[in-house]
Amino acid sequence: MNKTIGILAHVDAGKTTFSEQFLFHTKSIKQRGRVDHRDAFLDSHSIEKQRGITVFADQGMFEYRDSTYFLIDNPGHVDFSPEMERSIQVLDYAIMIISGVEGVEAHTETVWQLLRKHHIPTFFFINKTDRVGAHVERVMDEIHAELGADVFDISNMYSQGEINENLIEYLAERDEMLLEEYMENGYQQELWKKTMIRLIRENNIFPCANGSALQDIGIVDFIEKLDELTETVYPNDVPFSGKVYKIQHDEKGTRLTFIKALTGTLKVRDELSYGSEDNRLKEKITQIRFYNGSKFQAVNEILAGQLFAVVGLSQAAVGDGVGDLMEKASYEIVPTLKSKVIIDSSIHIKEALRCFNLLDVEDPSLHIEWEDKLQEIHIHVMGAIQLEVLKELVKERFHFEVSFAEPEIIYKETVLNTVKGYGHFEPLGHYAEVHLQIEPAKRNSGILFENTCHVNDLSVGNQNLVRHHLLEKEHNGLLAGSALTDVKITLLTGRSHIKHTSGGDFREATYRALRQGLEKAEIVLLEPYYQFKIKVELDQIGKVMSDVQQAHGYFEPPSIEGNKSILKGTVPVATFMNYSAELATYTQGKGMVSLVVSGYDRCHNEAETIERIGYRKNADPEYSSSSIFCSKGQAYTVAWDEAEKEMHCLK
């Protein structure tokens, strides 16, 4: 049985030490490493050793009883959340590590919501129970209150296949058929165990244990319970399908595509298809590798349920479905900061761009942008720690130094009303017309597309072109030139010409239709917000509340925990991104703050921000809201507010 297990936690909860114990006790490694000793097996990169944090989602392999386990140790620092999110979608089960001292922290809640979104069965392990200040019962109460999870303690309730009375009642309350069986025939061990496995797999219950990874307390018992209570079924006798979850380049520059096999088998020399449905590519697999830390073993064949890397796919992207899987994964965690790359004049800018494009392939959240007019490279990042790591990474891999400008907020734009947009592109020898409906969508939903166009009006191929051009990139809004988001765009109708329509015509017509609709819409500017959790002494909470209000944030009534006060709420990233240092100063380092980006909402200082950015919508070289028509062999331009009357589909 092949099982993929992900280890996840807030930074410093002991996740990597926990992973080391797993690998040691299953004889995958001979010696346990430690983060603070810079010899952890899964933190093999020099940057990870130097900083003492996990940056890359590395994987280990081990055999235990009748199963092969693929273990992914994920970053816990919020700056590397996109790396963590990419691995979540290939997990069979997750293990959430929570510090027995700090308890549930803000990033813990973010990870939990991602696990729930993707329906990943989850085990909890309350770590650091050997530390002063650890309190298992308090942390369990926090888990129940803040995660809302149906969590139960298996440390004493379940041992060597035997279930005690408390757990019997717990399970019977959550399964009606089991309750009936219990009332009629009493407890039957095998039935109870099978039911528990099913309830865990269906995300109805979540087992929890506790111990100390550093002191090796409770680890062996947890491994045994994990093995007993998890199961996977992956069919091998069907066509191959899988999902790309990571791209890397090895020390020789070879491109490695990491895949989770979902069905079927794959062999070296097989051809594998991947990419979007309307642009499916096929390439031959030249090598298959199983990775365990930084080491790999070449194999000739893989089976469903396994994690592996292949050589031979030149353009596969993170999130791509391969083989029989066409669906591409989407990701929620996106950076909210943007920074310019500062490069020494001795380095050719295009060579630097080539290197950053390689990094962009490995981490699509960087969203590398080339400003041709300014000859500048811009990147999207989560925070200052990520910029520091990128600086070290560029020097190590590409042997030149870079620095970064002060990060700026990434703003977005959306519409508040429903409008129709019309675009026509008909210079001599070309022809395309597109009609769109643009309407508001749920906050933080991105761009949604619907097609109601009839094939009698526009061929399926041309309809797919419109869809492709709407989703191929981010589109600028009109207020600040920021990316358009949280809109639903519907293709209503369109028209082509059997003789004159050629490549690129529908791109022009689609962009013009979108822009023409935005000219008529009520548009607002959005900015990113933090979800915060601040813990301070009781006499300091008044200042914290005042600080949040001055930063244009909102909060719930504060709660009391012992001699501490806890405040939760939301606040703009722009006004609060440097608050951690301020809090540390006036609490003498005793105050705790967790900041997690929770999404976008209305900008608190819209007019001021628009004026500062100074975007000129009519000077954007990529977009025009006007349409181009042709009469008697001559092309002419019609402004956006007059274009609708000229549209051919409306006549």
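Tabulated data for the structure shown
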| item | result |
| --- | --- |
| Matching residues in the stretch 73-130 - criterion: being among the hydroxyl-bearing types (S, T, Y) and either without any contact (Cβ under 8 Å) to a residue 60 or more places away in the chain or closer than 17 Å to G218 by Cα (or both) | S99, T129 |
| Odd one out for N127, checked against (1) of a type outside the set (A, V, I, L, M, F, W, C); (2) open to solvent by less than 10 Å² (accessible area, probe 1.4 Å); (3) closer than 23 Å to N2 by Cα | (3) |
| Options S598, S580; residue that is part of a strand (DSSP E or B) and open to solvent by 50 Å² or more (accessible area, probe 1.4 Å) | S598 |
| Flag if L307 is more than 26 Å from the chain's Cα centre (by Cα) and at pLDDT 95 or above | no |
| Matching strands (runs of 3 or more DSSP E) fully within the stretch 419-468 where at least 1 residues are basic (K, R) | 419-425 |
| Residue within the stretch 624-631 that is among the β-branched types (V, I, T), more than 20 Å from A521 (Cβ to Cβ) and over 29 Å from the mean Cα position of the chain (by Cα) present | yes |
| Among residues of the stretch 614-645, those that are exposed (fewer than 15 other Cβ atoms within 10 Å of the Cβ) and not in a loop (DSSP other than H, G, I, E, B), counted | 10 |
| Count of residues meeting criterion [more than 25 Å from the chain's Cα centre (by Cα) and assigned to a strand (DSSP E or B)] in the stretch 375-414 | 3 |
| Any chance L167 is farther than 26 Å from G305 by Cα and hydrophobic (A, V, I, L, M, F, W, C) | yes |
| Output for the stretch 363-379, where each listed residue is closer than 13 Å to A405 by Cβ and in contact with a helix residue (DSSP H, G or I) (Cβ under 6 Å, 6 or more places away or on another chain) | I377, I379 |
| Filter pass, T26 being at pLDDT 90 or above and open to solvent by 10 Å² or more (accessible area, probe 1.4 Å) | no |
| Condition check for V544: farther than 30 Å from T418 by Cα, among the hydrophobic types (A, V, I, L, M, F, W, C) and either modelled with pLDDT of 95 or more or assigned to a helix (DSSP H, G or I) (or both) | yes |
| All positions within the stretch 170-181 that are in a helix (DSSP H, G or I) and open to solvent by less than 90 Å² (accessible area, probe 1.4 Å) | Y170, L171, A172, L178, L179, E181 |
| In the stretch 530-570, residue surrounded by the fewest Cβ atoms within 10 Å (Cβ to Cβ) [restricted to those that are among the aliphatic types (A, V, I, L, M) and closer than 19 Å to T108 by Cβ] | I566 |
| Of all residues making up the stretch 182-223, the number that are assigned to a strand (DSSP E or B) and aliphatic (A, V, I, L, M) | 2 |
| Filter result for the condition that a residue is open to solvent by less than 30 Å² (accessible area, probe 1.4 Å) and closer than 28 Å to T16 by Cβ, over L167, L115, L199 | L115 |
| The stretch 72-86, subset in contact with a strand residue (DSSP E or B) (Cβ under 8 Å, 6 or more places away or on another chain) and assigned to a loop (DSSP other than H, G, I, E, B), residue nearest to F308 (Cα to Cα) | N74 |
| Options N462, N451: the member that is touching a helix residue (DSSP H, G or I) at 6+ places or on another chain (Cβ under 7 Å) and open to solvent by 60 Å² or more (accessible area, probe 1.4 Å) | N451 |
| Positions within the stretch 463-515 being among the β-branched types (V, I, T) and without any contact (Cβ under 8 Å) to a residue 60 or more places away in the chain, in sequence order | V466, I489, T490, I498 |
| Enumeration of residues in the stretch 489-522 that are in a strand (DSSP E or B) and surrounded by fewer than 18 Cβ atoms within 10 Å (Cβ to Cβ) | T490 |
| Considering residues of the stretch 365-374 that are out of contact with any Pro (no Cβ under 9 Å at 6 or more places or on another chain), open to solvent by 40 Å² or more (accessible area, probe 1.4 Å) and in a loop (DSSP other than H, G, I, E, B) only, the residue nearest to V573 (Cα to Cα) | L374 |
| Residue that is open to solvent by 10 Å² or more (accessible area, probe 1.4 Å), modelled with pLDDT under 90 and touching a His at 6+ places or on another chain (Cβ under 8 Å), where the choices are V55, V78 | V78 |
| Of all residues making up the stretch 297-318, the number that are out of contact with any Phe, Trp or Tyr (no Cβ under 7 Å at 6 or more places or on another chain), within 22 Å of S276 (Cβ to Cβ) and either outside any loop (DSSP other than H, G, I, E, B) or open to solvent by less than 10 Å² (accessible area, probe 1.4 Å) (or both) | 1 |
| The stretch 519-543: number of residues that are in contact with a strand residue (DSSP E or B) (Cβ under 7 Å, 6 or more places away or on another chain) and under 30 Å from H430 (Cβ atoms) | 3 |
| Extreme residue, modelled with the highest pLDDT, among residues of the stretch 1-22 that are open to solvent by 10 Å² or more (accessible area, probe 1.4 Å) and outside any helix (DSSP H, G or I) | N2 |
| Odd one out for L226, checked against (1) open to solvent by less than 10 Å² (accessible area, probe 1.4 Å); (2) more than 20 Å from T16 (Cα to Cα); (3) not in a loop (DSSP other than H, G, I, E, B) | (2) |
| Filter result for G423 (of a type in the set (G, A, S), open to solvent by less than 70 Å² (accessible area, probe 1.4 Å) and at pLDDT 95 or above) | yes |
| Top-ranked residue of the stretch 560-574 - restricted to ones that are within 31 Å of the chain's Cα centre (by Cα) and not in a helix (DSSP H, G or I), ranked as farthest from Y600 (Cα to Cα) | I566 |
| The stretch 323-361, subset more than 19 Å from the chain's Cα centre (by Cα) and among the β-branched types (V, I, T), residue surrounded by the fewest Cβ atoms within 10 Å (Cβ to Cβ) | I342 |
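The values are calculated or read from the model by the stated rules, or taken from the named source; none is laboratory data. In this text the structure is predicted, and so the values were computed from the model without any measurement. With ideal geometry, Cβ positions are generated from the backbone for all residues, glycine too; neighbour counts draw on all protein chains shown. Just so you know, the surface numbers come from the protein's heavy atoms only, side chains and all, with ligands and any DNA or RNA stripped out. Shrake-Rupley method; radii C 1.70, N 1.55, O 1.52, S 1.80 Å.
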